[in-house]
Each structure stands twice: as C-alpha cells, then as structure tokens.
1. Taking the options A:VAL92, A:VAL102, A:VAL141, name whichever one is out of contact with any Pro (no Cβ under 6 Å at 6 or more places or on another chain) and farther than 27 Å from B:GLN188 by Cα.
2. Name the pairs whose Cβ atoms lie under 8 Å apart, with the first residue in the stretch A:132-160 and at the interface with chain B (Cβ under 7 Å from one of its Cβ atoms) and part of a helix (DSSP H, G or I), the second of a type in the set (Val, Ile, Thr) and surrounded by fewer than 22 Cβ atoms within 10 Å (Cβ to Cβ), and 6 or more positions between them or separate chains?
3. If you check every pair at least six apart or on different chains, which have Cβ atoms under 9 Å apart with a residue in the stretch A:26-49 that is more than 14 Å from A:TYR62 (Cα to Cα) first and a residue that is aromatic (Phe, Trp, Tyr) and modelled with pLDDT of 95 or more second?
4. Hey, B:THR138 hits all of (1) within 16 Å of DNA strand C (Cβ to nearest atom); (2) open to solvent by less than 10 Å² (accessible area, probe 1.4 Å) but one; which does it fall short on?
5. Could you tell me whether the stretch A:195-204 includes any residue that is within 10 Å of chain B (Cβ to nearest Cβ) and among the polar types (S, T, N, Q)?
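The values are calculated or read from the model by the stated rules, or taken from the named source; none is laboratory data. The structure presented is a predicted model; accordingly, all values stated were derived computationally and were not measured. A quick note on method: Cβ atoms are made from the backbone with ideal geometry, for glycine too, and the neighbour counts reach across all protein chains shown. Side chains are part of the model used for accessible areas, which takes the heavy atoms of the whole protein and leaves out ligands, DNA and RNA. Shrake-Rupley method; radii C 1.70, N 1.55, O 1.52, S 1.80 Å.
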2 protein chains.
Amino acid sequence: MELQLQIKMNKKLFLRDPEQTELGKKIIQHSIEVINKNGFEAFTFKKLAEDINSTEAGIYRYFENKHKLLMYITAWYWSWLEYRIMIHTLNVNDPEVKLKKVIQLLAATVEDDIDTSHINENILHQIIIAEGTKAYLTKHVSEDNKDQFFKPYKDLCAKVGQIILECNPKYKYPKSLSSTIIEMAHFQNFFMNNLPALTDFGKEDESKVVAFLEELVFSAIS
Amino acid sequence: MELQLQIKMNKKLFLRDPEQTELGKKIIQHSIEVINKNGFEAFTFKKLAEDINSTEAGIYRYFENKHKLLMYITAWYWSWLEYRIMIHTLNVNDPEVKLKKVIQLLAATVEDDIDTSHINENILHQIIIAEGTKAYLTKHVSEDNKDQFFKPYKDLCAKVGQIILECNPKYKYPKSLSSTIIEMAHFQNFFMNNLPALTDFGKEDESKVVAFLEELVFSAIS
DNA sequence: TTTATAAAGATAGTATTACTATCTCATAGA
DNA sequence: TCTATGAGATAGTAATACTATCTTTATAAA
C-alpha cells in the first residue's frame, strides 16, 4: 500500500494546477528553495526559471504573479499543518494533551513524517516563519479573503480555537488566543534566531519557545 | 514656552537628515500617507516625489532605498511610543498600573497628545500595524541589527520586559511576553479589521483587544 | 558686494522587474 | 493520423530602482 498526501488547493490561486505536471511540481519545490535563499522581496520568476532550467514565461503559465505563488505555498503549509494536527491528535481525548501537541507541532522543527513527495517541509517551515505574514499583510487582503485564499489558515485557527474551548468552555477569546499562539510560534522562533534581544531563548532553542507558549496558553485558559 | 518633541535617529538610516530641511520633513510626512494609501509593496519614490511635487532623485538624496525609509519610520514610531510610555507612567509606582497603561498605549488608537509637527501619528499607527514587521522580516535582518536599526524596538521591548519583572520578579519570559504583547497589539487589530475570523472582536473594537491582552498578560505573570 | 556652498529642481540614462504575446516542437491519446 | 496539451524559445513593453550630471536658487560667510 502506498499512500501519498494530496492537498486540495483553491483553484483561483493558480492558472494551471502545479500538482498535475512535472514543471508544476518543480515550480513549487524550487520556489520554496529560491525564496528561502534570498527572501521573498528578491525572489523573481526569472531567477526561479533559471533555477529549474525553464523559462519565465513558463512559470507565468502556472501563477499570475509571485504573490499568488506565496499565497499558494502558505495555504498549502497551513493545510498540511492542520492535517498533521489531525493525525497527531487522533484518539487523543484529553483536550489539554491535544493543545500541547498543537503547540509542539506549531513551534518545533518538522521531523519529515508524512510523504509529500516534492515539497521540503523543513525549508517550507523556515520560509513560513520569515515570509508567511506577507501573504496577508497587503492592501488587497479583503479581496483575497473573499476569494477564500486564507481559508486553510482560518480553518486551522478555528480548529485550535475549538480545542481551547474544549479545555475551558468559558474562555472568552479562543480565536484570538489561537491566532496568538500560531503567530507567536513563528515570531518567537524568528526573534530567537535573528533578534535575540526580543526573547528569553538562546539560539535554536525551540523547546523553550514551546514551554513559553504552553505556560502562556494554560495560564490564560485556567 | 514652546516645546517640541525631537527624536534622535540613527544616522545610518539616512543619507541626509530629513529633520533638517523642508523637503526632508515633507518626505517623512508624505511617505506615511503614500504608504498608507497603496501599501508598502506598491510604494515607490517616484510616486512619493509626485505627491510632494519634487523629484525622484531628490528623495534618493535622503534615503538609499524605500526599505531604509521604512526602517526610519518604524524606528521613529517605536521611539515615540517609548517616549509616550515614559510620559504616561511618570509618577506611577504600581507596576501593574504601568503595565495596563502600556497595553493601552500599544493597542488603542492614538489621541494626538504630543506635538510632533509634521507627522500624522494616527496614520503612522495604521501603517505600523500593516507594514511594521516588514522592516525586520528580511534576509538582511542581522546586518541591519548590527547597524542598530532596531534599537528603538528592542529598547521598548526591554522596557516593557522590565515592567513585567517589576510585577513578578520570578516570571521566566519577560522579553518574549513583551514582544508578544507588542506584536499582538498590532496583529489582533489587523485581524479584527481585515480577517475577523481570526479574532473574537467586532470591527474596530479596540477596547476588546486591550481586554484580551490584559487578561493574557496578567494571567501569565501571576 | 562678491563668492562659496548647500539644497533642490531638471533631465537623462541604465539594468532589472514584471509581465504579455507568439511561434515552435514534442508527445500522448483518440 | 489528427489534435490537444505542455513546455521551450524568443521578443517586446511599461514600470521600477536606481545613478549621474547639470542648472538654479537661497543663504551666509568673506
């Protein structure tokens, strides 16, 4: 039996489905690497094309522009994370155990546990930390939101909010606490590695980020 | 007696000091408006030049590029905020009262209380919410950090961390909690107005953001 | 009053970016 | 064999992100 995870993506994010062709898969795979290398601002379709030995025009057949590609990648990431949370909390009944698992999945480096073929989840995690918020921090958030481009992110937030409510049905801010955990799992990691004065952690000490978030969340809801 | 706040800026952020000339002040004033109008990605020196009836080359005499200008603006904002916190906590001895004041100053809309001439602090607050993180979410954070471009942000974080420790000297994560408050004061505001599914607040209900943050912080440290 | 000199306007030019368009070629299926 | 699809190759354009140079203007020191 061979199983492979296939995440269903919002069709409006692309012009041609990258999952359906060789070039498409290469675009996703290499875009993650090229964005990681020089950052999203310096990232161009031309550089990506050179990296995969294809042409700029070829990539434009798949994505309208680099921002759509970033939204595709981030949407994929959040869907994948929600899937991982689902897997790792199957048969777990205690909501507090669930919540701890969620925090760990959010804040700790990925051990490559699920086969997703062409996507390097570790690098993906890195670029979501540094570039993820840029997907929605734009003047056209609202239109993009209407097109449901952030649905995976919102679904994840809702799911975590649900678990929070399972822990304490009376807690008043499940969604805000949820988005706080999600963003801070990434921001504290970024700060720890790049602006350490903004944290209490040493370089690459993810376990402390997890501990901080756990304490924060459980003191908030109890 | 006429007093005016003058914030001392890191000299490496500009080529010519914008505070010293008419054009310089116009650049700062109008850049805030032009960035606010179409977002930082769409912002160009050419558009700014048109807005102030000057020339592109003229602006390049003040700032190397638009990212330096963004860092200048954000640095100014954080310095200004620290100054406001100082003013509003003068003669306040109870650290918990101080911390509440800090949260309010971070999360609530600015009432224009201090004279800073050419800068519209309300619009500035808006662009810091949407664009502020882009100042440091780059591949060159570390070099920029070495040049002390983020010092005002780090100073503010340290100051808030200090107040947290005054409230509870045994709390283990004062700096991370501080950066969490600072970022979330902005993110929850952005979410509330643009991606409401990620929060528990209605549109423009800043007082709830304040309440959420207060509860979060005080349950964490007590 | 002359003379520096600094600020800023005017103009031009270049490399790169962000696309669009078109034409060809290979191949896989019907 | 026909035909649709994917993708390589090439060309072109408007805008962006600068750099350079020359002139004008305002001010202030000599």
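1. Values: A:VAL102 fails: farther than 27 Å from B:GLN188 by Cα; A:VAL141 fails: farther than 27 Å from B:GLN188 by Cα.
Unique residue meeting the criteria: A:VAL92.
2. Note: pairs meeting the criteria are A:THR133/B:THR133.
3. So the pair list comes out as A:VAL34/A:PHE43; A:ILE35/A:PHE43; A:LYS37/A:PHE43.
4. B:THR138 satisfies every listed condition except (2).
5. Looking for residues that are within 10 Å of chain B (Cβ to nearest Cβ) and among the polar types (S, T, N, Q), one finds at least one in the stretch A:195-204, hence yes.
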